[in-house]
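The values are calculated or read from the model by the stated rules, or taken from the named source; none is laboratory data. All figures in this text were calculated on a predicted structure; none of them were measured in a lab. No Cβ is skipped: glycine too gets one built from the backbone with ideal geometry, and neighbour counts run over all protein chains shown. Quick note on the areas: whole protein, heavy atoms, side chains included, nothing else; ligands and nucleic acids left out. Shrake-Rupley method; radii C 1.70, N 1.55, O 1.52, S 1.80 Å.
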Amino acid sequence: MIFRTISSLQDQVLVWRNEKAKIGLVPTMGALHKGHLSLVHEARRQCDRVIVSIFVNPTQFNNSSDLSAYPRSEHEDIQLLSGIDAVFLPSPQEMYPCGSVSRLHVGGISERLEGQHRPGHFDGMATVVMKLFNISQAHVGFFGEKDWQQLQVVRQMVLDFNHTISITGCETVRDPDGLAKSSRNKRLSQDERHKASILFQALSLTAESIKNGKDVAISEKNGKEILQKSGFDKIDYFEVCDAQTLLPAADLTRPCRVLAAAWLGDVRLIDNVSVPKPQDKSL
Ligand code: AMP
């Protein structure tokens, strides 16, 4: 069923809550692909009722041309979600009737990487996600590891605000050549699409190199060079970080992640992979 107003969705949620149904929420910005659908699939597996929201949230775009170029395919999205209990498709006016007056800021982990290169992005994201949590009254929220830092920001926000929702992170879904599925991939030219898979290769080689005991800084440098030599126009960051704090990795015995954002033409790609613990050479 499609819901375009907050009150109509809230009425439905009340019925489900009274039935003691377990409610799952999958927040998206639409232009759905298999990555989104894997979250929906996991939500259906864990929950009795599933709400998928589709909202291209203007407050998380720090660049108006990125917002206007963001792909939209409402008709196809609705078809892909046939059989889902609730598809929530609010307008910006419905979500922000008074404009964007109150904003939520998650400190610390939201300052670096994406936060540094997209000022205000995480404030806009956290604010809309908190609104969606409150509107949907969901028991579980589903987020992709593709946006690793976003997942950590959401977890931190839930913790800090004592929200009762639990968060499930879902593995990144990739094309056969390794490129992470993303709505923005639609905007790549044929040549750019060909080069795009090198991002995953560079991340994977960096993770592998650290696992094999190579120095982190050298591994990062080599990974960056692969992108530069392959025709990526600009690299916003390419860093090995602590998977939870997103600070530069200092202790490789803790879970770590290599995260990158890089440009092909006017398309910005982000991706990340986990770093296996370095092999103990004394064994
Ligand atoms: P978006 O529509 O890009 O805001 O993404 C909505 C949700 O889908 C976020 O939690 C993303 O992390 C997740 N997502 C996007 N792409 C993928 C992917 N390739 N694999 C898994 N999850 C994804």
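Residue 42 meets each of the listed conditions (1) within 15 Å of the ligand (Cβ to nearest atom); (2) surrounded by fewer than 15 Cβ atoms within 10 Å (Cβ to Cβ); (3) of a type outside the set (Val, Ile, Thr) apart from (2). In the set (1) open to solvent by 10 Å² or more (accessible area, probe 1.4 Å); (2) within 16 Å of the ligand (Cβ to nearest atom); (3) over 25 Å from residue 12 (Cβ atoms), the condition left unmet by residue 108 is number (2).
The single condition among (1) of a type in the set (A, V, I, L, M); (2) touching a strand residue (DSSP E or B) at 6+ places or on another chain (Cβ under 8 Å); (3) surrounded by fewer than 20 Cβ atoms within 10 Å (Cβ to Cβ); (4) assigned to a helix (DSSP H, G or I) that residue 84 does not meet is (4). Count of the stretch 52-81 residues, restricted to those that are under 24 Å from residue 188 (Cα atoms) and open to solvent by 60 Å² or more (accessible area, probe 1.4 Å), is 10. Being more than 9 Å from the ligand (Cβ to nearest atom), acidic (Asp, Glu) and touching a residue at least 24 places away in the same chain (Cβ under 8 Å) is the filter; apply it to the stretch 144-199 and report the residue that is surrounded by the most Cβ atoms within 10 Å (Cβ to Cβ). Filtering first and then ranking leaves 192.
In the stretch 118-143, which residues are within 15 Å of the ligand (Cβ to nearest atom), part of a helix (DSSP H, G or I) and either in contact (Cβ under 8 Å) with a residue 40 or more places away in the chain or of a type in the set (Asp, Glu) (or both)? Correct list: 121, 122, 124, 125, 127, 128, 129, 132, 133, 136. Would you point out the residue of the stretch 221-235, among those that are part of a helix (DSSP H, G or I) and in contact (Cβ under 8 Å) with a residue 24 or more places away in the chain, that is most open to solvent (accessible area, probe 1.4 Å)? Among residues in the stretch 221-235 that are part of a helix (DSSP H, G or I) and in contact (Cβ under 8 Å) with a residue 24 or more places away in the chain, the one most open to solvent (accessible area, probe 1.4 Å) is 226. Within the stretch 241-258, being crowded, with 23+ Cβ neighbours inside 10 Å and under 16 Å from residue 200 (Cβ atoms) holds for one residue alone: 258.
Restricting the stretch 7-24 to residues that are within 27 Å of the chain's Cα centre (by Cα) and outside any helix (DSSP H, G or I) leaves a set whose member that is surrounded by the fewest Cβ atoms within 10 Å (Cβ to Cβ) is 22.
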